Structure formats: structure tokens, C-alpha cells
Amino acid sequence: VHLTRRQRRNVVTFPSLMFLERIPFQEQRRRRIQHWLLLALRSLALALLALAFARPFLDRSDLSLGAASGPREIVVLLDQSYSMEIGDQFTRALDEAREIFADLGPMDRASLVVFGQGARVVARSTGDRLRLNAALDTLSISSSSTNFGPALKVAQTVLEESELPVGEVYLLSDFQSIGWAGDEGVYLPAGAKVISIKLSEDPPDNIQVTDVDLIRQAVSGRERITPTARIARNGGVDALEVDVRLELDGQEIQTRTVTLEANGAASVAFQPFTVSQSHTRGSIRIPTDELTADDVMNFVVSPGTALSLLIIDGGGGSTDASLYLRRALEISDDGRFRLTHRRTNNVRAEDLDGTDAVIINDARIDGVSAERLRNFVQAGGGLLVVLGERAGWPASAQDLLPGAAGEPQDRLQGRGGRLGHLEYGHPVFEPFSGPRSGDFTGARFFRARNFVLSDSASVLARFDDGSVAFAEQTYGLGTVLVWTSTLDSFWNDLALQPVYLPFIHRVSEYIGGRTEALPWFTIGQVLDLGDPAALASAGLVSAESAELSDDRDQVALTPSGQSIDLSSDDGPRYLALDESGFYTIRPPRSNPERPFVVAVNVELEESNLTTLDPEELVAQVTSSAPNPDAAPGFVQATALQMEDQERRQALWRWMLIAAFGLLAAETLMSNWVSRRTAAATLTTT
């Protein structure tokens, strides 16, 4: 295009060319380049196009010093425990997270993890800023307490599974000291960087309801409850008067005023109220402060249901074998036991109607009575057999007992035998497992029956010589217990010990199927709606719990108003208690007058606003970065660093723009040159 040839043309006139031979012209002028500027534009445009497709970049990494550069795997851990509601801490945490996501590079990936007592991954390893910011818009403060362990475990997993060379963890929290014990076993990958952003300032003056004691008492056949609340204050300078309110079913009933000194506490006693309806909702409430979650404590109470107990003793002899037993069961402020006592050796069918448990105290039972007791236990009743001097049991019903009773054996060595082993994990002995909660070692046993266990039985207590003192066997839906001595002062002095009364109460409650009803649960617990025992612990009587736990669909209404479907076809029906307040549970499309209600309160440890040093936490979960040349993935990491630098600089885009500009200029110039050459040719001719 830019090189031309020119032949010399000397015109000679001849009359005829037939005698001439055509000889090709052998001489040419020296080649010349025309239009230098146009050639330069075209060459530069092609060179820029070639360079753009090669995607060049400037290498600014200092690999010899192992500097952290290249694409990053970022994990943002955002605290949503209820202490984050103080001031604008949670709002600031969201703003910090948005700034982190706005700074993402083209190859960076980010994960968003929220945590309280547990951790939840909201977004995993994505570079989509819109998705990350949309996830932030859905977050709110929870009712749980702080626990850094699960969140850091999630961050550890994300970084270990990542192929990117740089790992960064951003921890946004008020850094409650209860959230970290130091033995969580979290170790982030070598070289990972933890950036802690502390959002808390000086802790405010915080007042909280720490506990509520509900004392039951039966008065003239009616059950009354006396609430006593404990109010605590953390911080402050001067004394402060606080109004404390008692609410029942949403209505304010009583108000008391208490004076709290700085960092002090006080108890508030309310007047007793009568419990006349089941599932009565109650709350102890104080005026709200900056930390509102601990300003109320919720509870649910129902009228107590007395256990119906039948005591059968042989009636032989002049002494009353059940005297101590009856006196112990009659000592109860809330009237929890309703006793029927018969001095006989037989059990009638009408005796078992409406009875929860039977105590055979040193009686010789006949075969017919034993068969009635077998049916009673098989249907879910409880049975306690006390093997005293006059006790006897028919061989036809021997399989109902946890073993076979032998002859009485005297234990007269020294001052008598003792209980040597108790199964403190069993519900009967569990209340006595703590220090100063009951001492059985002071009782002396002078006589007891030999007892040979069956294969299906278990031992709850043994004497110091290893012989059986207390045994249990499950039969059908019920439970059978056997005590191999007496429950009076004839063969032992247990009835004279302080532990006797609570022991008799626990045994009677156990065989009667009574579970201590909990007035409230705490955040993080799970309620199994398919377990009658769990429902009974939540305040349902046996008939109600059996009906609710039956294979029926249920709907749970959370304190925030959300509806949770609990279908009977989906296996176990576990209800996670994640919000403070009252959960209402009922069948679908029903509106019972007194539905089943569960009270849930926050974990008060979170109200301790003492903070920890973020640097100490960071030091425990991180380690120094090793020499990158020794790392097995150094080559791959270097390649990713190069790729990330290329994407960040994006020089190829500018080269393409410059090349397209040069081509446009070349087009204009070539058109101008063509028009000029054509005009010059016309002028010459």
C-alpha cells in the first residue's frame, strides 16, 4: 500500500510494430514508503490490540518478602446478641459491614455470618455486593447471648476450604466477656488475619430482673402463689427508685417501689394471687432502659394437680407401719398429695380408680390383688413395694417385681449397715446430688431382706456390703420400685433423718409420673411437642400432654407473631425457643379459650456488660504466617496474586480504547489521503 513502482516511459513512433520484439522492462525506481503518519497510526493500533489481548499488568507484589496480596477470602462475623441493642451498636455494625463489602476487589469473595449463642451463615463465599448488602438489610437483633466459639469455627472452616491466598476475618461485636472462655479450640489457618472492630463504649446504668420465686400454698382448698422478684443494678452513682410491676394475662395487678443503690440489689414481694385458670401468663416488669431485654421476666403458672396415692399396709400388729409415711406425705404447703390409706392385704378394683400410684407397705398381697396391680402398672400406674417383716408377694406375679425377695437378714455388726451407693443420676436421687442437699449416710439399717435382681431390673441404691437396697423395673407403661427394708423406724432409723421427707416426696412423685413444672424456659432450649414428659415439664397435666403429643398437627405462634407449623408427619416436633416472651401452641384453625403457653426469658449472663480485650481473643485464634516459599500452595497462590493484580489494574481496557481511537483516526486520515490523491490525478490528466 505504502510502497510503489514506477516505469520510465520514452515514447518512440514507429509505422509498424510487427517487426519488433516485446522485451519486459528491466529497470525500476528504488522503492519508497508513502504516507508515514498513516502507517504509524495503523501499526500502533495493531500493536495495542495485540497487547490488549495479552492482558498485561504491572507486577507490584513483593513476593520475596511474603507480603499478603492477591484475592482475599473475607469472613464478616456480626454479633446480633441482645446486648448489641445498647445505643447504636447494631446500626454501626451494619455500616461497618457495608464498608467492608464495598471494598471488595474483582476476585475477592466474602461470607456473612451472624452469631449469638450459635452461628448462622447468611451468605457464603460470594463477590456479589448486591447480595451481601441485601442480606444485611434482613438482619435484626436476636434474644440470644454472646458466644464467639461457633462463629470463629465457621470462619475457620470457610478459610480452610478456600483456594484464595489471603484470608481475613472481621469480627464486629461489643465483645462481652462471657462470650469467650479460651478453651474453644479454634485455630484459624496460618497467615489468616483477624480485624476486630469493637462497637461498645462505657457500659450504661443497667437495671434487670434477675429472678422470680413463685411460692405456692393451699389455703381453704384454693391454691395461692406469692411472687417474690429480685432486682439488680449494674452501674450508677446515686440511689434510684424503681417501680416493679406484676402483670397477669397482660393486665397490671400490683406495683411495688424499690430503692436500688449503685451496683446493688433488692427483693420485692407481692401480695399472693389465686391461680384459678390453667396457663396463666405472668410477668415481672421494670421501666425500660438502654438494655430492654432484661427488664422483664415472664412465667406461666397453672393450678396444681394433686397426686392420688393409695397406701396399703397389712394391718397386722399393734403398730402403724405407715405412720411416718403418711405424715411425710401430708406435710406439703401446696397440697400436692391426696392420700387414701387402707389397712388390708388386698386391693380392690375400685381402689385403683383415679389413683396415680400405689404403695404396698409391708403387706402380704394375694394373687387376685397382684393381677389387678399388674394391669394397673401396665396401663401407666406406679407401684412401690416395701418389703417389711409381714411382706409377701404371690409367685404368679413375680415377674411384676424387679426381682425375688428372700428372708430378712440382720445387720447388727457395729451400729448397723449403711447405704453405700446411690444412683445420683436417677430422678429420685438427683436432687440430693449437690453438696448439703441431703445426707443418706447418717441412716442406720439393722435389718433388710435379701433380694435377687431380675435381668431387666436396675439398682438405684445398695448397702455398704453390696446388697440391694432399692431396685426398679419398667413394666408396660408404668414403673415398679422395691425397697428392701421398712419406711418406719422398725428396721432402720431413716424415718428419723432430715432427708426422709424429701426422699418420700421424690419417690412418690416419681412413681406417680409427676414432673416438676417449669414456670419458664430460657433462650436456646428446645421443646419436644411429641414427648408427654417434656410437655408435663412445661406445665401440662398428663391428660393434656397426652392429647397434645398425640399424632396431631400443631401450630406455634412466636412472641413476634410468626406462625410455625408443626406437622405430625415430619417426625419429631421440636420447637426451638429463640425469642423471649410467650409461645402459644394450639391445633390448626382452632382458638381455645386457654391455649397451651410457654414462657421464655433471655439468658441473664449477657446482661453482664464487662468486656474482654479483643487483642487477647485475636492472639488465641491466630498464628504467625509461615515462609510462603515453604507452603505447598505457593505456586498456585502466586498465580492467583498475578491474576488478581491483572484484574484490579485492567490495563487491557485502556489499550482497547486507545486502539479503537487510533483506528478511528486512521479511517479519517486514509479517507482524506484518498480524496487528495484522486484530486491530484484529475489535475494531472
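The values are calculated or read from the model by the stated rules, or taken from the named source; none is laboratory data. Keep in mind it's a predicted model, so treat the numbers as computed, not measured. Neighbour counts are summed over all protein chains in view; Cβ atoms, including those assigned to glycine, are modelled from backbone coordinates with ideal geometry.
Side notes on the structure shown:
- Any chance Phe299 is touching a residue at least 12 places away in the same chain (Cβ under 8 Å), aromatic (Phe, Trp, Tyr) and over 28 Å from Ser145 (Cβ atoms): no
- Set side by side, the residues Ser433, Ser369, Ser396 differ, and just one is in contact with a Pro (Cβ under 9 Å, 6 or more places away or on another chain) and of a type outside the set (A, V, I, L, M), which is Ser369.
- Residue satisfying all of: in the range 248-274; within 32 Å of the chain's Cα centre (by Cα) and assigned to a loop (DSSP other than H, G, I, E, B); nearest to Asp205 (Cα to Cα) among these: Asn263
- Sole residue being loosely packed, with under 13 Cβ neighbours inside 10 Å, under 28 Å from Gln89 (Cβ atoms) and more than 28 Å from the chain's Cα centre (by Cα), chosen from Asp205, Asp243: Asp243
- For Leu159: the one exception among (1) at pLDDT 95 or above; (2) over 25 Å from Gln89 (Cβ atoms): (1)
- Filtered residues of the range 483-504 (kept if in a loop (DSSP other than H, G, I, E, B) and aromatic (Phe, Trp, Tyr)): Phe490, Trp491
- Cross-chain or 6+ apart pairs with Cβ under 8 Å, the range 445-473 first and in the same structural domain as Asn492 (by TED's automatic domain parsing) and closer than 20 Å to Ala397 by Cα, then hydroxyl-bearing (Ser, Thr, Tyr) and assigned to a strand (DSSP E or B): Ser456/Thr474; Ala471/Ser458; Glu472/Ser458; Glu472/Thr479; Gln473/Ser458; Gln473/Thr479
- Scope the range 455-482; condition part of a strand (DSSP E or B), in contact with a Gly (Cβ under 6 Å, 6 or more places away or on another chain) and charged (D, E, K, R); matching residues: Arg462
- Tally of residues being of a type in the set (Gly, Ala, Ser) and within 16 Å of Tyr500 (Cα to Cα) across the range 409-440: 3
- Verdict on Pro431 being under 17 Å from Asp488 (Cβ atoms) and not in a loop (DSSP other than H, G, I, E, B): no
- Hits in the range 291-321 - residues which are modelled with pLDDT of 90 or more and assigned to a loop (DSSP other than H, G, I, E, B): Leu291, Thr292, Ala293, Asp294, Asp295
- With a requirement of 1 or more residues that are at pLDDT 80 or above and within 27 Å of Leu49 (Cβ to Cβ), the helices (runs of 4 or more DSSP H) lying completely within the range 577-685 that satisfy it span 651-684.
- Among the residues examined, Asp202 does not qualify as modelled with pLDDT of 95 or more and either out of contact with any Asp or Glu (no Cβ under 9 Å at 6 or more places or on another chain) or part of a loop (DSSP other than H, G, I, E, B) (or both).
Here's the yes/no breakdown for (1) assigned to a loop (DSSP other than H, G, I, E, B); (2) in the same structural domain as Gly388 (by TED's automatic domain parsing); (3) surrounded by fewer than 15 Cβ atoms within 10 Å (Cβ to Cβ); (4) out of contact with any Pro (no Cβ under 8 Å at 6 or more places or on another chain):
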| site | (1), (2), (3), (4) |
| --- | --- |
| Ser276 | yes, no, yes, no |
| Ser283 | no, no, no, yes |
| Thr288 | yes, no, yes, yes |
| His341 | no, yes, no, yes |
| Asn346 | yes, yes, no, yes |
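- Looking across the range 349-388, the residues that are assigned to a loop (DSSP other than H, G, I, E, B) and touching a Lys or Arg at 6+ places or on another chain (Cβ under 8 Å) come down to Ala349, Asp356, Asp362, Ala363, Leu387.
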